Amino acid sequence: MQFDRETISYKIGERIHDFRVQRKMSQEELALASEIHPAYLGRLERGEKCPTVDTLYKVSQGLKIPLSELLNITAEINPSHTEAIQRIETALDGLSEKDAVDIAEIVEKIVAFRKSCF
């Protein structure tokens, strides 16, 4: 599937908007969390600007999602999955890297167990 630059900008803007609304954030809140100007964020959401990778990274950090998820313009946004990831990331905030890795291993074991039961 091939997209032109205008379509890509529009689809990325749409994803930014959808993720922001899903998280019940205002444009100002996301702009502050992303360290970008609110007016620029509005232009991004409307697809009027073609953001740099640095800007997209800042927005993904503000949304607390991986950059790859923001850039996946052909995927649907799965609210329950995204919310679960956000909750896990919030819970891990402030932990050491070792503790976060230990918890990730526990989650992986729980998931493997659940899959084996169904």
Expected output for the range 43-57 (first residue of a type in the set (A, V, I, L, M, F, W, C), partner not in a helix (DSSP H, G or I), Cβ below 7 Å, 6+ apart or cross-chain) is 44/51
Listed by first then second residue, the pairs whose first member lies in the range 64-80 and is at negative phi, whose partner is at pLDDT below 85 and part of a helix (DSSP H, G or I), with beta carbons under 8 Å and at least 6 positions apart or on separate chains, are 65/82; 65/85; 65/86; 69/82
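Pick out the one residue from 92, 56, 70 that is at pLDDT 80 or above and in contact with a Phe, Trp or Tyr (Cβ under 8 Å, 6 or more places away or on another chain). First the steps, then the outcome.
Working: 92 fails: in contact with a Phe, Trp or Tyr (Cβ under 8 Å, 6 or more places away or on another chain); 56 fails: in contact with a Phe, Trp or Tyr (Cβ under 8 Å, 6 or more places away or on another chain).
That would be 70, the only listed residue that is at pLDDT 80 or above and in contact with a Phe, Trp or Tyr (Cβ under 8 Å, 6 or more places away or on another chain).
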Reported set for the range 19-30 where residues are small (Gly, Ala, Ser) and under 21 Å from residue 73 (Cα atoms) is none
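The values are calculated or read from the model by the stated rules, or taken from the named source; none is laboratory data. Just so you know, these numbers come straight off a predicted model, no measurement behind them. All Cβ positions, even for glycine, are placed from backbone atoms using ideal geometry, and neighbour counts span all protein chains on display.
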